[in-house]
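S.K.: Right, I'll just put the structure down here and ask away after.
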Amino acid sequence: MIRRRSLLALAGLGGATLALPTTVAQAVPAPAPALTPAPAPAPATGRPRAITLPAPTGDRPVGTVDLHLVDRSRRDPFAPVPGPRELMVQLWYPALGTGGRPRAPYTTARVAAVIDEILPVDPGTISTVRPSAHTGAPAVPGPLPLLLLGHGRTGGRSNCTALAEELASHGYLVAAIDHTYDAAAVEFPDGRLVRTVLSNDPPDRDATERKEIAARVGDLRFVATELTSRRPGRPSVDPRRIGVLGHSMGGAAAAEAVRQDPRFVAGLNLDGGLFGSPVPELGLDRPFLMLTSIADHETWQRWREHQRGWGRQLRVGGAGHLSYTDLVHVAVPGGLPGHVPADLYVAIIGTLAPARATELTRAYTRAYFDRFLGNRRSPLLDGPSTRFPEIEFRWSHG
């Protein structure tokens with residue numbers, strides 16, 4: 001059993017988890033099925049092989065572009081020198097075509113090296129990950145539903161690329177935010193590389209979580225405002241169809257963003273404890289979906305008691321905390337089983353095949369937002385499915 005205070009201790013990249021002592025206060029069991037031996041790492045070849053993410057299944061090719069945004073209305077709460085909040089945001093969107101446009105990198109070379117170091121995987125692993133999107137491809141005309149995507153604590157905007165590309169191929173504009181000084185590393189257009197400043201063991205964890213969630217929610221609201229303000233060359237947004245989702249702490253921030261901002265029609269939490277906000281005590285008046293790797297958590301129990309809008313908690317059998325991210329595809333090729341204990345490996349990666357983990361996350365995420373942003377009802381949200389027997393309906397409301 002892995003002992004840790006909460007799901008949020010399992011950071012977006014796993015790095016903070018590996019640094020945690022095994023006697024932290026609250027125990028959370030490893031996911032079902034029971035612990036199995038970790039797979040052997042891939043043999044070293046001197047040059048890592050390409051890791052190709054699952055292709056999106058929608059009708060449209062996918063374009064992507066990076067934005068450097070500055071919120072001059074806010075002081076950055078983490079910056080060592082006072083200044084406005086700066087963010088890097090990556091957009092994925094349905095494209096008219098990709099002819100002549102280069103295949104997008106997974107992230108920059110310098111950020112990839114940081115992720116290799118803290119995950120930890122063999123050097124050069126992250127730089128071999130190959131997405132499907134093409135940089136700068138022209139977007140389809142007309143307003144698109146917008147999904148704001150947040151990473152886990154000390155994660156990064158690229159962590160859920162396979163999910164973002166899937167949603168974009170089915171007609172969504174997805175905006176993934178690097179939460180500066182929280183993300184493992186953020187590289188700005190002028191060459192600055194800003195690494196995380198977050199502590200794995202802060203003296204006042206509750207106050208720290210409130211500060212971190214407040215910064216993230218401010219980022220989400222700012223980016224929503226920026227993207228609904230028409231700018232030449234950017235995909236157009238339908239301001240009546242905005243959703244927010246995130247992994248781990250990104251999921252907690254999604255819940256608080258829905259609570260604070262009426263523009264956010266629906267929210268989705270990918271395996272995050274609901275820390276840092278009053279959502280567990282107040283609930284939400286709009287739809288909220290939780291996909292979880294364990295059966296229950298005390299913050300989820302309190303949220304269920306107070307949830308007023310439509311709600312579901314679905315447990316994914318065999319999932320680990322990072323099963324909702326691209327890192328399940330990186331783990332074995334990058335030699336992660338050789339770097340961590342077997343029980344920790346199963347808790348963070350799970351026992352599902354990587355392709356199946358991504359298929360499950362994509363299917364239920366898309367069914368959810370199709371329902372509440374596209375008015376397309378899916379039976380996947382109404383009860384168990386023979387297509388996806390791994391999904392257990394833990395709780396339903398509405």
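The values are calculated or read from the model by the stated rules, or taken from the named source; none is laboratory data. Note that the structure is predicted; figures quoted are calculated from it, not measured. Here Cβ is always computed from backbone atoms with ideal geometry, including for glycine, and neighbour counts include all displayed protein chains.
S.K.: Which pairs do you get when a residue that is in a strand (DSSP E or B) and loosely packed, with under 15 Cβ neighbours inside 10 Å, found in the stretch 78-93, comes within reach of a residue that is at pLDDT 95 or above and of a type in the set (A, V, I, L, M), reach meaning Cβ atoms under 7 angstrom, with the pair 6+ apart or on two chains?
M.R.: Pro84/Val70
S.K.: Contact list please: Cβ distance under 6 Å, first residue in the stretch 273-297 and touching a residue at least 40 places away in the same chain (Cβ under 8 Å), second residue polar (S, T, N, Q), pairs at least six apart or on different chains.
M.R.: Gly273/Ser6; Gly273/Thr299
S.K.: Right, another one. Name every residue in the stretch 348-373 that is in contact with a Lys or Arg (Cβ under 9 Å, 6 or more places away or on another chain) and over 20 Å from Thr57 (Cβ atoms), in order of residue number.
M.R.: Across the stretch 348-373, the qualifying residue is only Phe372.
S.K.: Going through the stretch 112-126 one residue at a time, which ones are closer than 19 Å to Ala164 by Cα and either in a loop (DSSP other than H, G, I, E, B) or touching a residue at least 40 places away in the same chain (Cβ under 8 Å) (or both)?
M.R.: Passing the criteria: only Ile126.
S.K.: Given the criteria touching a residue at least 60 places away in the same chain (Cβ under 8 Å) and in a loop (DSSP other than H, G, I, E, B), does Gly152 qualify?
M.R.: So Gly152 fits the description; yes.
S.K.: Can you find a residue that is surrounded by fewer than 21 Cβ atoms within 10 Å (Cβ to Cβ), basic (Lys, Arg) and more than 17 Å from the chain's Cα centre (by Cα) anywhere in the stretch 311-334?
M.R.: no
S.K.: Please work out if Pro39 is at pLDDT below 95, surrounded by 19 or more Cβ atoms within 10 Å (Cβ to Cβ) and more than 26 Å from Arg234 (Cβ to Cβ).
M.R.: Here the answer is no, as Pro39 does not meet what is asked.
S.K.: Consider Glu209 against the criteria (1) farther than 28 Å from Glu359 by Cα; (2) without any contact (Cβ under 8 Å) to a residue 40 or more places away in the chain: it satisfies all of them except one. Which criterion is unmet?
M.R.: Of the numbered conditions (1) farther than 28 Å from Glu359 by Cα; (2) without any contact (Cβ under 8 Å) to a residue 40 or more places away in the chain, the odd one out for Glu209 is (2).
S.K.: Additional query: Specify which of the listed residues (Arg75, Arg85, Arg101) is charged (D, E, K, R), more than 25 Å from Val328 (Cα to Cα) and touching a helix residue (DSSP H, G or I) at 6+ places or on another chain (Cβ under 8 Å). Reasoning before the result, please.
M.R.: Values: Arg75 fails: touching a helix residue (DSSP H, G or I) at 6+ places or on another chain (Cβ under 8 Å); Arg101 fails: touching a helix residue (DSSP H, G or I) at 6+ places or on another chain (Cβ under 8 Å).
Step by step, each of Arg75, Arg85, Arg101 is checked, and only Arg85 is charged (D, E, K, R), more than 25 Å from Val328 (Cα to Cα) and touching a helix residue (DSSP H, G or I) at 6+ places or on another chain (Cβ under 8 Å).
S.K.: Take the residues in the stretch 331-352 that are among the β-branched types (Val, Ile, Thr) and out of contact with any Ser or Thr (no Cβ under 8 Å at 6 or more places or on another chain), then tell me which one is modelled with the lowest pLDDT. If you could, list the steps in order and put the result at the bottom.
M.R.: Taking the stretch 331-352 and keeping what is among the β-branched types (Val, Ile, Thr), we get 332, 340, 346, 348-349, 351.
With out of contact with any Ser or Thr (no Cβ under 8 Å at 6 or more places or on another chain) added as a condition, the list becomes 332, 340.
Values: Val332: 97, Val340: 93.
Here the answer is Val340.
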